[in-house]
Amino acid sequence: MRQHYDIVIMGAGMVGASLTAALLEHAKSLQLSIALIEPKPLHGQADLPSDQPNYQPSFDSRVTALAYGSAQIFQQLQLWDKLKSQVQPIEHIHVSDRGHFGAARLHAQQEKVPALGYVIENKWLGEVLYQHLQQHQNADLLDFYSPATVTQALRVDGKMQLQLETQAQPLALSTDLLVMADGGRSALRDKMGISYSEETYQQQALVCNVGIDRPHKNIAYERFTDSGPMALLPLLKQDKQQRCGLVWTVPEQQSDQLLAMSEKEFCATLQQRFGFRAGRFNQVGERFSYPLKLQRAQEQVRAGVAILGNAAHTLHPIAGQGFNLALRGVAALAEHLLAAARNGQNLGDYEMLYQYQQSRLADQRATINFSDKSMRLFAIDNPLLALGRDAGLQLLDICPAAKTMFSRSAMGLASPMADLH
(Lines give C-alpha, C1' and ligand atoms only; values in the text may rest on other atoms or scores of the structure.)
Protein backbone atom coordinates (compact mmCIF):
# COMPACT_ATOMS: atom_id res chain seq x y z
CA MET A 1 0.00 0.00 0.00
CA ARG A 2 1.23 3.46 -0.90
CA GLN A 3 0.98 6.63 1.13
CA HIS A 4 0.36 8.84 -1.91
CA TYR A 5 -1.92 8.22 -4.90
CA ASP A 6 -2.62 10.14 -8.06
CA ILE A 7 -6.36 9.47 -7.59
CA VAL A 8 -8.39 8.33 -4.60
CA ILE A 9 -12.02 7.40 -5.23
CA MET A 10 -14.38 7.41 -2.26
CA GLY A 11 -17.26 4.98 -2.85
CA ALA A 12 -17.18 1.65 -4.71
CA GLY A 13 -20.80 1.61 -5.81
CA MET A 14 -21.75 1.55 -9.49
CA VAL A 15 -20.52 5.12 -10.08
CA GLY A 16 -17.20 4.85 -8.24
CA ALA A 17 -16.48 1.40 -9.65
CA SER A 18 -17.27 2.56 -13.19
CA LEU A 19 -14.88 5.50 -12.90
CA THR A 20 -12.18 3.20 -11.52
CA ALA A 21 -12.71 0.82 -14.45
CA ALA A 22 -12.46 3.69 -16.94
CA LEU A 23 -9.15 4.89 -15.48
CA LEU A 24 -7.62 1.45 -15.07
CA GLU A 25 -7.73 0.79 -18.80
CA HIS A 26 -4.85 3.28 -19.13
CA ALA A 27 -3.35 3.22 -15.63
CA LYS A 28 -0.34 1.09 -16.54
CA SER A 29 0.69 3.06 -19.62
CA LEU A 30 0.24 6.39 -17.79
CA GLN A 31 1.73 5.10 -14.51
CA LEU A 32 -1.32 6.16 -12.53
CA SER A 33 -1.70 5.09 -8.91
CA ILE A 34 -5.33 4.63 -7.85
CA ALA A 35 -7.00 3.79 -4.55
CA LEU A 36 -10.65 2.83 -4.06
CA ILE A 37 -12.15 3.36 -0.62
CA GLU A 38 -15.44 1.72 0.39
CA PRO A 39 -17.17 1.70 3.81
CA LYS A 40 -18.70 -1.75 3.20
CA PRO A 41 -16.64 -4.98 2.97
CA LEU A 42 -15.76 -5.94 -0.60
CA HIS A 43 -13.95 -9.21 0.00
CA GLY A 44 -17.21 -11.19 0.17
CA GLN A 45 -17.80 -10.85 -3.56
CA ALA A 46 -17.45 -14.15 -5.41
CA ASP A 47 -15.00 -14.60 -8.26
CA LEU A 48 -16.96 -14.99 -11.49
CA PRO A 49 -16.08 -17.51 -14.19
CA SER A 50 -15.55 -15.88 -17.56
CA ASP A 51 -18.61 -17.35 -19.27
CA GLN A 52 -21.04 -17.21 -16.34
CA PRO A 53 -22.94 -20.43 -17.18
CA ASN A 54 -24.51 -20.78 -13.73
CA TYR A 55 -25.66 -17.21 -13.14
CA GLN A 56 -29.42 -16.99 -12.67
CA PRO A 57 -31.39 -13.77 -12.26
CA SER A 58 -33.14 -13.45 -8.92
CA PHE A 59 -36.82 -12.58 -8.91
CA ASP A 60 -36.22 -9.90 -6.26
CA SER A 61 -33.02 -8.31 -7.57
CA ARG A 62 -33.08 -4.52 -7.87
CA VAL A 63 -32.60 -3.34 -11.43
CA THR A 64 -31.33 -0.34 -13.40
CA ALA A 65 -32.34 0.83 -16.87
CA LEU A 66 -29.21 1.53 -18.90
CA ALA A 67 -29.66 3.96 -21.77
CA TYR A 68 -28.24 2.96 -25.15
CA GLY A 69 -25.49 5.55 -24.67
CA SER A 70 -24.56 3.95 -21.33
CA ALA A 71 -24.14 0.61 -23.06
CA GLN A 72 -21.74 2.31 -25.47
CA ILE A 73 -19.71 3.64 -22.53
CA PHE A 74 -19.44 0.14 -21.09
CA GLN A 75 -18.45 -1.05 -24.56
CA GLN A 76 -15.53 1.40 -24.46
CA LEU A 77 -14.57 -0.03 -21.07
CA GLN A 78 -14.56 -3.55 -22.60
CA LEU A 79 -17.23 -4.66 -20.14
CA TRP A 80 -20.29 -4.86 -22.35
CA ASP A 81 -19.60 -8.32 -23.76
CA LYS A 82 -19.91 -9.74 -20.25
CA LEU A 83 -22.74 -7.46 -19.12
CA LYS A 84 -24.94 -8.14 -22.14
CA SER A 85 -25.38 -11.83 -21.28
CA GLN A 86 -27.76 -10.79 -18.49
CA VAL A 87 -29.58 -7.74 -19.85
CA GLN A 88 -33.07 -7.40 -21.26
CA PRO A 89 -33.27 -5.04 -24.26
CA ILE A 90 -35.86 -2.26 -24.34
CA GLU A 91 -37.04 -2.18 -27.95
CA HIS A 92 -40.17 -0.08 -27.42
CA ILE A 93 -41.19 2.64 -24.95
CA HIS A 94 -44.85 3.47 -24.41
CA VAL A 95 -45.58 6.79 -22.68
CA SER A 96 -49.18 7.49 -21.62
CA ASP A 97 -51.33 9.68 -19.38
CA ARG A 98 -53.76 7.50 -17.42
CA GLY A 99 -57.39 8.36 -18.07
CA HIS A 100 -56.55 10.60 -21.05
CA PHE A 101 -56.05 10.06 -24.76
CA GLY A 102 -52.42 11.16 -25.02
CA ALA A 103 -49.75 8.55 -25.76
CA ALA A 104 -46.38 8.38 -27.49
CA ARG A 105 -44.51 5.32 -28.69
CA LEU A 106 -40.79 5.04 -29.35
CA HIS A 107 -39.26 2.16 -31.31
CA ALA A 108 -35.64 1.10 -31.57
CA GLN A 109 -36.05 0.03 -35.18
CA GLN A 110 -37.30 3.47 -36.20
CA GLU A 111 -34.27 5.05 -34.52
CA LYS A 112 -31.94 2.53 -36.22
CA VAL A 113 -30.48 1.17 -32.99
CA PRO A 114 -30.62 -2.41 -31.64
CA ALA A 115 -32.31 -1.21 -28.44
CA LEU A 116 -33.39 2.05 -26.83
CA GLY A 117 -31.87 0.78 -23.61
CA TYR A 118 -31.28 -2.29 -21.49
CA VAL A 119 -32.50 -3.44 -18.07
CA ILE A 120 -29.84 -5.02 -15.87
CA GLU A 121 -29.81 -6.41 -12.36
CA ASN A 122 -27.71 -4.22 -10.08
CA LYS A 123 -26.12 -7.32 -8.54
CA TRP A 124 -24.86 -8.52 -11.93
CA LEU A 125 -23.53 -5.09 -12.88
CA GLY A 126 -21.77 -4.83 -9.53
CA GLU A 127 -20.21 -8.28 -9.78
CA VAL A 128 -18.90 -7.73 -13.31
CA LEU A 129 -17.40 -4.38 -12.29
CA TYR A 130 -15.87 -5.88 -9.16
CA GLN A 131 -14.30 -8.78 -11.01
CA HIS A 132 -12.79 -6.34 -13.50
CA LEU A 133 -11.32 -4.23 -10.68
CA GLN A 134 -10.06 -7.30 -8.85
CA GLN A 135 -8.07 -8.36 -11.91
CA HIS A 136 -6.33 -4.98 -11.93
CA GLN A 137 -5.74 -5.17 -8.18
CA ASN A 138 -4.00 -8.49 -8.74
CA ALA A 139 -1.80 -6.69 -11.31
CA ASP A 140 -0.81 -4.07 -8.70
CA LEU A 141 -2.62 -1.25 -10.50
CA LEU A 142 -5.20 -0.61 -7.80
CA ASP A 143 -5.35 -0.63 -4.00
CA PHE A 144 -8.59 -1.33 -2.14
CA TYR A 145 -9.31 0.08 1.31
CA SER A 146 -12.38 -1.73 2.58
CA PRO A 147 -14.10 -1.36 4.92
CA ALA A 148 -12.75 2.15 5.33
CA THR A 149 -14.06 5.68 5.52
CA VAL A 150 -12.48 9.06 4.81
CA THR A 151 -13.06 11.03 7.99
CA GLN A 152 -11.17 14.18 6.98
CA ALA A 153 -9.95 15.71 3.72
CA LEU A 154 -7.87 18.88 3.71
CA ARG A 155 -5.97 20.68 0.93
CA VAL A 156 -2.35 21.15 2.09
CA ASP A 157 0.58 22.22 -0.12
CA GLY A 158 -1.21 21.37 -3.35
CA LYS A 159 -2.36 17.89 -2.27
CA MET A 160 -5.39 16.44 -0.51
CA GLN A 161 -4.44 15.06 2.88
CA LEU A 162 -6.85 12.29 3.91
CA GLN A 163 -7.53 10.66 7.24
CA LEU A 164 -8.99 7.15 6.98
CA GLU A 165 -10.78 5.07 9.56
CA THR A 166 -10.26 1.33 9.00
CA GLN A 167 -10.98 -1.79 11.04
CA ALA A 168 -7.32 -2.18 11.90
CA GLN A 169 -6.15 1.36 12.57
CA PRO A 170 -6.43 4.97 11.36
CA LEU A 171 -4.43 5.76 8.23
CA ALA A 172 -3.13 8.93 6.60
CA LEU A 173 -2.95 9.19 2.81
CA SER A 174 -2.38 11.96 0.32
CA THR A 175 -3.64 12.29 -3.24
CA ASP A 176 -3.59 14.72 -6.15
CA LEU A 177 -7.33 14.18 -6.67
CA LEU A 178 -10.09 12.98 -4.36
CA VAL A 179 -13.22 11.83 -6.21
CA MET A 180 -16.31 11.65 -4.01
CA ALA A 181 -18.82 9.09 -5.27
CA ASP A 182 -20.22 8.17 -1.88
CA GLY A 183 -23.92 8.84 -2.46
CA GLY A 184 -26.57 11.44 -1.77
CA ARG A 185 -26.07 11.26 1.99
CA SER A 186 -22.34 11.92 1.75
CA ALA A 187 -21.04 12.62 5.23
CA LEU A 188 -17.69 13.65 3.75
CA ARG A 189 -19.35 16.27 1.55
CA ASP A 190 -20.93 17.79 4.64
CA LYS A 191 -17.67 17.72 6.61
CA MET A 192 -15.92 19.55 3.77
CA GLY A 193 -18.51 22.32 3.89
CA ILE A 194 -19.92 21.63 0.42
CA SER A 195 -23.50 22.84 0.63
CA TYR A 196 -26.36 21.56 -1.47
CA SER A 197 -29.91 22.52 -2.35
CA GLU A 198 -32.73 20.10 -1.63
CA GLU A 199 -36.38 20.03 -2.67
CA THR A 200 -38.57 17.21 -1.41
CA TYR A 201 -41.36 15.94 -3.66
CA GLN A 202 -43.40 14.58 -0.71
CA GLN A 203 -43.46 11.28 -2.57
CA GLN A 204 -41.99 7.83 -2.14
CA ALA A 205 -40.68 5.55 -4.87
CA LEU A 206 -41.91 2.02 -4.34
CA VAL A 207 -39.73 -0.44 -6.25
CA CYS A 208 -40.09 -4.17 -6.76
CA ASN A 209 -40.27 -6.81 -9.44
CA VAL A 210 -43.63 -8.17 -10.56
CA GLY A 211 -44.74 -11.19 -12.55
CA ILE A 212 -47.06 -10.91 -15.55
CA ASP A 213 -49.11 -13.53 -17.37
CA ARG A 214 -47.78 -12.87 -20.88
CA PRO A 215 -44.52 -11.97 -22.66
CA HIS A 216 -43.56 -8.31 -22.19
CA LYS A 217 -42.31 -8.06 -25.80
CA ASN A 218 -39.41 -5.85 -24.69
CA ILE A 219 -41.75 -2.92 -24.01
CA ALA A 220 -41.06 -0.39 -21.26
CA TYR A 221 -44.01 1.65 -20.01
CA GLU A 222 -43.96 5.14 -18.53
CA ARG A 223 -47.46 5.81 -17.26
CA PHE A 224 -48.46 9.07 -15.63
CA THR A 225 -51.28 8.93 -13.09
CA ASP A 226 -52.94 11.46 -10.81
CA SER A 227 -50.92 10.15 -7.85
CA GLY A 228 -47.55 9.98 -9.63
CA PRO A 229 -45.74 8.29 -12.53
CA MET A 230 -45.26 4.54 -12.87
CA ALA A 231 -42.53 2.79 -14.84
CA LEU A 232 -42.67 -0.86 -15.86
CA LEU A 233 -39.44 -2.29 -17.27
CA PRO A 234 -38.98 -5.60 -19.10
CA LEU A 235 -36.76 -8.14 -17.34
CA LEU A 236 -35.27 -11.54 -18.09
CA LYS A 237 -37.51 -14.46 -17.21
CA GLN A 238 -36.85 -16.23 -13.95
CA ASP A 239 -37.90 -19.90 -13.65
CA LYS A 240 -40.15 -19.42 -16.71
CA GLN A 241 -41.95 -16.52 -14.99
CA GLN A 242 -42.26 -13.36 -17.06
CA ARG A 243 -40.96 -10.45 -14.99
CA CYS A 244 -41.00 -6.66 -15.05
CA GLY A 245 -39.33 -4.12 -12.81
CA LEU A 246 -41.75 -1.65 -11.24
CA VAL A 247 -41.01 1.90 -10.06
CA TRP A 248 -44.22 3.33 -8.61
CA THR A 249 -44.28 6.91 -7.35
CA VAL A 250 -46.85 7.39 -4.60
CA PRO A 251 -47.72 10.10 -2.05
CA GLU A 252 -45.78 9.65 1.19
CA GLN A 253 -48.88 8.67 3.15
CA GLN A 254 -49.64 5.72 0.82
CA SER A 255 -46.24 4.05 0.88
CA ASP A 256 -46.57 2.14 4.16
CA GLN A 257 -50.00 0.86 3.16
CA LEU A 258 -48.70 -0.55 -0.14
CA LEU A 259 -45.70 -2.13 1.56
CA ALA A 260 -47.94 -3.86 4.10
CA MET A 261 -50.38 -5.35 1.56
CA SER A 262 -50.49 -9.04 0.85
CA GLU A 263 -49.26 -10.17 -2.56
CA LYS A 264 -52.84 -10.59 -3.80
CA GLU A 265 -53.92 -7.17 -2.53
CA PHE A 266 -50.87 -5.47 -4.00
CA CYS A 267 -51.34 -7.05 -7.43
CA ALA A 268 -54.99 -6.03 -7.47
CA THR A 269 -54.18 -2.44 -6.46
CA LEU A 270 -51.41 -2.23 -9.04
CA GLN A 271 -53.74 -3.63 -11.71
CA GLN A 272 -56.38 -1.03 -10.93
CA ARG A 273 -53.84 1.78 -11.07
CA PHE A 274 -51.81 0.64 -14.11
CA GLY A 275 -54.48 -1.09 -16.18
CA PHE A 276 -54.20 -4.23 -18.31
CA ARG A 277 -51.97 -2.94 -21.10
CA ALA A 278 -49.03 -5.11 -19.96
CA GLY A 279 -51.18 -8.07 -18.93
CA ARG A 280 -52.29 -9.40 -15.54
CA PHE A 281 -49.97 -9.04 -12.57
CA ASN A 282 -49.72 -12.41 -10.81
CA GLN A 283 -46.68 -12.18 -8.54
CA VAL A 284 -44.78 -9.55 -6.60
CA GLY A 285 -41.32 -9.76 -5.05
CA GLU A 286 -39.84 -7.96 -2.07
CA ARG A 287 -40.90 -4.32 -1.97
CA PHE A 288 -38.70 -1.35 -1.07
CA SER A 289 -39.39 2.35 -0.85
CA TYR A 290 -37.36 5.53 -0.52
CA PRO A 291 -38.22 9.25 -0.32
CA LEU A 292 -37.92 11.32 -3.48
CA LYS A 293 -36.08 14.61 -3.62
CA LEU A 294 -34.13 16.82 -5.97
CA GLN A 295 -30.70 17.46 -4.52
CA ARG A 296 -27.83 19.37 -6.10
CA ALA A 297 -24.38 20.10 -4.68
CA GLN A 298 -23.45 23.78 -4.93
CA GLU A 299 -19.91 22.79 -5.92
CA GLN A 300 -19.00 19.81 -8.08
CA VAL A 301 -15.28 20.56 -8.25
CA ARG A 302 -12.65 22.20 -6.11
CA ALA A 303 -8.89 22.14 -6.42
CA GLY A 304 -8.09 18.49 -5.77
CA VAL A 305 -11.75 17.41 -5.49
CA ALA A 306 -14.47 16.18 -7.88
CA ILE A 307 -17.97 15.06 -6.90
CA LEU A 308 -19.89 12.45 -8.90
CA GLY A 309 -23.23 10.62 -8.94
CA ASN A 310 -25.80 11.13 -6.21
CA ALA A 311 -23.30 13.12 -4.16
CA ALA A 312 -23.46 15.72 -6.97
CA HIS A 313 -27.10 15.40 -8.03
CA THR A 314 -30.06 13.25 -6.99
CA LEU A 315 -33.11 13.43 -9.23
CA HIS A 316 -36.61 12.02 -9.62
CA PRO A 317 -36.59 8.46 -11.03
CA ILE A 318 -39.03 9.40 -13.80
CA ALA A 319 -37.54 8.25 -17.15
CA GLY A 320 -34.78 6.39 -15.23
CA GLN A 321 -32.04 8.92 -15.97
CA GLY A 322 -30.21 9.10 -12.62
CA PHE A 323 -27.49 6.49 -13.15
CA ASN A 324 -27.23 7.26 -16.87
CA LEU A 325 -26.55 10.93 -16.15
CA ALA A 326 -23.97 9.91 -13.54
CA LEU A 327 -22.28 7.50 -15.96
CA ARG A 328 -21.94 10.21 -18.60
CA GLY A 329 -20.26 12.30 -15.89
CA VAL A 330 -17.95 9.39 -15.11
CA ALA A 331 -16.94 9.12 -18.78
CA ALA A 332 -16.36 12.86 -19.12
CA LEU A 333 -14.26 13.07 -15.95
CA ALA A 334 -12.19 10.05 -17.03
CA GLU A 335 -11.63 11.66 -20.45
CA HIS A 336 -10.37 14.89 -18.85
CA LEU A 337 -8.16 13.06 -16.33
CA LEU A 338 -6.58 10.82 -18.94
CA ALA A 339 -5.86 13.81 -21.19
CA ALA A 340 -4.30 15.66 -18.24
CA ALA A 341 -2.15 12.66 -17.35
CA ARG A 342 -0.91 12.35 -20.93
CA ASN A 343 0.05 16.04 -20.85
CA GLY A 344 1.86 15.73 -17.52
CA GLN A 345 -0.73 17.96 -15.81
CA ASN A 346 -1.55 17.64 -12.11
CA LEU A 347 -4.81 15.70 -11.77
CA GLY A 348 -6.04 18.01 -9.03
CA ASP A 349 -5.58 21.13 -11.17
CA TYR A 350 -8.60 23.37 -10.70
CA GLU A 351 -8.68 24.75 -14.25
CA MET A 352 -8.82 21.25 -15.71
CA LEU A 353 -11.52 20.19 -13.27
CA TYR A 354 -13.48 23.38 -13.98
CA GLN A 355 -13.38 22.61 -17.71
CA TYR A 356 -14.76 19.15 -16.92
CA GLN A 357 -17.57 20.68 -14.86
CA GLN A 358 -18.45 23.16 -17.61
CA SER A 359 -18.60 20.33 -20.15
CA ARG A 360 -21.26 18.63 -18.04
CA LEU A 361 -23.53 21.55 -17.15
CA ALA A 362 -25.75 21.52 -20.25
CA ASP A 363 -26.47 17.79 -19.99
CA GLN A 364 -27.07 18.00 -16.25
CA ARG A 365 -29.45 20.95 -16.55
CA ALA A 366 -31.39 19.41 -19.44
CA THR A 367 -31.75 16.01 -17.75
CA ILE A 368 -32.60 17.35 -14.29
CA ASN A 369 -35.06 19.93 -15.66
CA PHE A 370 -36.76 17.32 -17.85
CA SER A 371 -37.22 14.94 -14.90
CA ASP A 372 -38.38 17.66 -12.53
CA LYS A 373 -40.70 19.53 -14.88
CA SER A 374 -42.24 16.38 -16.37
CA MET A 375 -43.12 15.10 -12.91
CA ARG A 376 -44.63 18.45 -11.90
CA LEU A 377 -46.49 18.93 -15.19
CA PHE A 378 -48.22 15.55 -15.06
CA ALA A 379 -48.98 15.90 -11.34
CA ILE A 380 -51.27 18.91 -11.88
CA ASP A 381 -54.94 17.90 -12.01
CA ASN A 382 -56.34 20.51 -14.39
CA PRO A 383 -58.58 19.59 -17.38
CA LEU A 384 -57.15 22.27 -19.67
CA LEU A 385 -53.58 21.40 -18.77
CA ALA A 386 -54.34 17.71 -19.25
CA LEU A 387 -55.66 18.49 -22.73
CA GLY A 388 -52.42 20.32 -23.55
CA ARG A 389 -50.30 17.46 -22.18
CA ASP A 390 -52.14 14.89 -24.23
CA ALA A 391 -51.96 17.01 -27.37
CA GLY A 392 -48.21 17.26 -26.82
CA LEU A 393 -47.89 13.47 -26.47
CA GLN A 394 -49.93 12.93 -29.63
CA LEU A 395 -47.83 15.46 -31.54
CA LEU A 396 -44.66 13.71 -30.36
CA ASP A 397 -46.10 10.40 -31.54
CA ILE A 398 -46.78 11.59 -35.10
CA CYS A 399 -43.79 13.90 -35.66
CA PRO A 400 -40.68 11.89 -36.67
CA ALA A 401 -38.22 14.74 -36.06
CA ALA A 402 -39.56 15.42 -32.56
CA LYS A 403 -39.62 11.70 -31.78
CA THR A 404 -36.01 11.27 -32.87
CA MET A 405 -34.91 14.24 -30.75
CA PHE A 406 -36.79 12.87 -27.74
CA SER A 407 -35.43 9.34 -28.35
CA ARG A 408 -31.84 10.54 -28.60
CA SER A 409 -32.23 12.36 -25.30
CA ALA A 410 -33.72 9.26 -23.66
CA MET A 411 -30.86 7.14 -25.07
CA GLY A 412 -28.23 9.52 -23.67
CA LEU A 413 -27.07 10.59 -27.13
CA ALA A 414 -28.03 14.27 -27.02
CA SER A 415 -24.51 15.33 -25.99
CA PRO A 416 -21.18 14.22 -27.50
CA MET A 417 -19.88 10.86 -26.31
CA ALA A 418 -16.67 10.91 -24.28
CA ASP A 419 -13.67 9.20 -25.91
CA LEU A 420 -12.04 6.81 -23.44
CA HIS A 421 -9.64 5.12 -25.85
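At-a-glance table
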quantity	calculated
Helix-only [θ]222 nm of the chain, DSSP H runs n ≥ 4, -39500 (n - 2.57) each, per residue, nearest 500	-11000 deg cm²/dmol
Three-way shape call for the chain based on the alpha-carbon gyration tensor, with the a/c threshold at 1.5	prolate
FRET efficiency for Gln135 and Arg280, using Cβ-Cβ distance with R0 set to 51 Å, rounded to 0.05	0.70
Portion, in percent, of the accessible area of the chain that falls on carbon or sulfur, probe 1.4 Å	50
Segment Lys240-Arg214, extension gain: residue separation times 0.36 nm, minus the distance between their alpha carbons	8.3 nm
Shape call, the stretch 153-219: gyration tensor on alpha carbons, a/c limit 1.5	prolate
Long-range HN-HN contacts of Ala148 with modeled amide H, under 5 Å	Glu38, Lys40
Paramagnetic label zone (point 7 Å from Cα along Cα-to-C-beta, Leu413; backbone N under 17 Å) in the stretch 119-148	119
Relative contact order, percent, the stretch 235-343 [alpha-carbon distance under 8 Å, six or more residues apart]	15
Beta bridges by DSSP in the chain, antiparallel share as percent, to the nearest 5	75
Axial C-alpha extent at least 27 Å, average Kyte-Doolittle at least 0.0 - helices from the chain (DSSP)	322-342
Interchain or long-range residues, amide H under 5 Å from Gly183's placed H	Asn310, Ala311
Average accessible area per residue (Å²) across the stretch 64-132 - probe 1.4 Å, nucleic acids and ligands excluded	38
Which listed pairs, of Lys112/Lys217; Lys84/Lys240; Lys84/Lys293, have C-alpha distances above 22 Å, in listed order	Lys84/Lys293
Cα centroid separation - the stretch 152-225 against the stretch 330-374, whole Å	17
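The values are calculated or read from the model by the stated rules, or taken from the named source; none is laboratory data. Please read these numbers as outputs of a predicted model, since none were measured by experiment. Note that we place each Cβ from the backbone using ideal geometry, even for glycine, and neighbour counts take in every protein chain shown. The area values use the complete protein model at the heavy-atom level, side chains included, leaving out ligands, DNA and RNA. Shrake-Rupley method; radii C 1.70, N 1.55, O 1.52, S 1.80 Å.
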